1. What list do you get for B:76, A:46, B:111 if you sort them by fewest beta carbons within 10 Å?
2. How high is the relative contact order of chain B, in percent, with contacts defined as C-alpha pairs under 8 Å that are six or more residues apart?
3. Between residue A:114 and residue B:60, take the C-beta separation as r, use R0 = 30 Å, and let me know the FRET efficiency to the nearest 0.05.
4. Roughly how many whole Å is it from the C-alpha centroid of the stretch A:1-40 to that of the stretch A:42-97?
5. Peptide A:104-114: average number of partner chain Cβ atoms within 10 Å per residue?
6. Please compute the Kirkwood hydrodynamic radius over chain B, one decimal place, Å, based on all pairs of different Cα atoms.
7. Which three semi-axes in whole Å describe the equivalent ellipsoid of the protein assembly as shown, each the square root of 5 times a Cα gyration tensor eigenvalue, listed largest first?
8. What FRET efficiency do you get for residue B:26 and residue A:5 if R0 is 25 Å and r is their Cβ-Cβ distance, rounded to the nearest 0.05?
């Protein structure tokens, strides 16, 4: 039981490049989330998916797209990276409103955009 | 706009001392959670409180949800180096809504 896994762990991009962050969970959770973490800002929700086939914007969705590929996988894509997207990105999953709303987090992806 | 403000932002104390960190908002939350995050890892849930005035204890950690459900506190008794980490509060604005709003975080360092 690996929990929530994320790839890659580290990435350096040049401005304008694109990339996809991958996330998978093996806990049969309905809901999945993407957050970014910046110093002094806590965690801010980018996008989330309440169930397979649905996605919704969070607090800071601009510059990102997501795909809920199946129940296990939820990817985050940066189409044209900008220095303002330098951050640590966390994927999380949980049972959502059908559970106690606990979210389980992956280890994070540290992204630097030059 | 950050809906949940945590204080202090940084706290460094000696092993054995007591401490309290706060999570405040002008908004009402249907439930509030506390997470701890260690360097290089994702946050891990410590507790969830759902009733105004509720107090929960987890060994040396005591969590309280304000009567009006707008604020919360975390008190640690006899802090140990293993308590070092980033403490995050997170609230659900609407009952049954799974989106969480995270606080700004308190980075705690316990000096042996």
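FYI, it's all coordinate maths here, none of it is from the lab. Quick caveat: nothing in here was measured; it's all calculated off a predicted structure. Quick reminder, even Gly has a Cβ in these numbers, built from the backbone with ideal geometry, and neighbours come from all protein chains shown.
1. Values: B:76 21, A:46 24, B:111 11.
The fewest-first ordering by Cβ neighbours comes to B:111, B:76, A:46.
2. Details: 291 pairs, mean separation 41.1, N = 112.
Relative CO of chain B lands at 37 percent.
3. Details: r = 44 Å, r/R0 = 1.47.
That pair, residue A:114 with residue B:60, gives E of 0.10.
4. Here the two parts' Cα centres lie 8 Å apart.
5. Working: counts 4, 7, 2, 3, 5, 0, 1, 0, 0, 0, 0.
Going residue by residue through A:104-114 and averaging, the value is 2.
6. On the way: mean 1/r = 0.0716 Å⁻¹.
Taking the inverse mean of 1/r over all distinct Cα pairs, chain B comes out at 14.0 Å.
7. On the way: eigenvalues 173, 83, 50 Å².
Here the semi-axes work out to 29, 20, 16 Å.
8. Working: r = 38 Å, r/R0 = 1.50.
The calculated FRET efficiency here is 0.10.
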